[in-house]
1. Could you give the nm distance between label points at D327 and N300, where each point is 7 Å from its Cα heading toward the beta carbon?
2. Express the C-alpha Rg of region 10-407 as a ratio against the empirical globular expectation 2.2 N^0.38 Å, rounded to two decimals.
3. With a bin width of 5 angstrom, please list the P(r) values of region 212-371 as percents of all Cα-Cα pairs, from the 0 bin to the one holding the largest distance.
4. Given 25 °C and 0.890 mPa s, how large is the Stokes-Einstein diffusion coefficient of region 1-141 in µm²/s, with Rh as the Kirkwood radius over Cα pairs?
5. With no solvent and one equal point scatterer per Cα, compute the Debye intensity ratio I(q)/I(0) for region 44-100 at 0.25 Å⁻¹ and report its log10, rounded to two decimals.
6. Going down the list K127/K289; K25/K64; K47/K128; K31/K386; K47/K409; K274/K307, which pairs span over 31 Å between their C-alpha atoms?
7. Given labels modelled 7 Å from the Cα in the Cβ direction, how far is it in nm from M411 to S268?
8. Calculate the FRET efficiency for K349 and D292 from the Cβ-Cβ distance with a Förster distance of 45 Å, rounded to the nearest 0.05.
Amino acid sequence: MMKPLKYSSDFKAALDLGRPPNVKKLFPNSKALIVSGKYIDHAMLLKGNCMAIAANGRNSFVIKGALAAAQRANAAIIIEIARSEGGTNAYCAVNFWNIARQTDAFMNELGITVPVAIHADHFGIKKKEDIEPAKTEIVSLFDAGITSIAIDASHMPDAQNLLANIELYPYIPGWAGLETEIGEIKGKLGLSTPEEALFLIQGLNAHNILPNWIALNNGTTHGIEASDTGIYIELTAQVHEALTKYKVSGAQHGTSGNNSDRLREIASNTRTTKANVATALQMISWGLKVNDYGNAILDNGNFIKQKDRGVSEDMWAAMLAFAKTNDLKGGNFKKLNLPFENKLLTQPKKIRDRMAENVEEFVYDLLTNVFNTTDTAQIVIDEILKNRSHDPGFKAEKIESESEWTKEKIMEKALNITSDKGPEGDFDD
């Protein structure tokens, strides 16, 4: 890990100007430059052909390692947790309400000076009844230091997805980063279309809702095992091209299952500025062997624990025993996070440090050799100093007529959309 750095005058000014009000209130004496997700998106666009890593902090070692990698690369970064990972029914100890606190603490501990956004990913709305309780929950997330959110109502039909986004938007601070979504992550099934994307983004625009990112089902999966399924780059580019005048960036979910060359193509040939990495970082922190895709390499269906990497051998044996007792297999090993976080923290410092360092090594390579994110930290700082505000403003403007996107007209327009949502099922990350 790096030594604490001296703080430059530019950094001190950015710290004063760039932190959102909720972050300043929570951490009044902090030296951590936690910023709106908007600034991260804008910086990637200014550099061009690059994507910020959105590292899912399923455990504290992932957060620590990802931050250390970003510092080495001088890269702006997003630390996130999804609702399934860290919501009210979480399978991780890191959650929506403590991820900002952990990130802030690690940034101060390590002397991290790169800008970091805290993102609430996949805030899932699966049915109309989920909307009302979400209103107070969303407010509570920002009270806890979140600076960006993904409203994911893609589980519902197109009209209901749009209407849910419209209804929940007033509960999101105007300065915050915003992501919306049109397709669940189902691999090659239920692929998203430009028509669906236009419907959602035009309808939001009519209501003066101007998201930073749109996520779609473009052929990827959430998971741990390598497959031939991967991101359809041409489809992604077509969707982004259809949305050109709305200036929406892409958010790429499920990067596992895609090799480095394909990820470089996404950065260079589409308008993607945010790339989520979750399962790979979890497995690496534990010391499991992964390939270039970030997928776990299996031996007769079993994970390969690397000696002298990740958790101790005794701890891994305990994790395997727990998984067997609770019938956890494959992707469901993710459910080891919650019962084992505190146990992992009891390991010797040498073990704890190497867990974070293993993540750092992997993330640093992604940032510098795949995502092209090197030196985007300075772009964010320059933008904060130029704007003299925690809010860079919107990159798009309202161009659609609200009168053409009333609830009744939304329902009518949706009837004309031809789409295949794919099979029903549990497609949470």
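1. 2.3 nm
2. The value comes to 0.93.
3. Here the calculated profile for region 212-371 is 1, 9, 17, 19, 17, 13, 10, 7, 4, 2, 0, 0.
4. Values: Rh = 15.8 Å.
In µm²/s, the coefficient is 155.
5. Results for region 44-100 at q = 0.25 Å⁻¹ read -0.94.
6. Those over the limit are K127/K289; K47/K128; K47/K409; K274/K307.
7. 4.9 nm
8. 0.90
Every read-out reported here was derived from the displayed coordinates using simple, explicitly stated rules and does not represent laboratory data. Small disclaimer: the values here were computed from a predicted structure and weren't measured. Ideal geometry is used to build each Cβ from the backbone, glycine not excepted, and the neighbour counts take in all protein chains shown.
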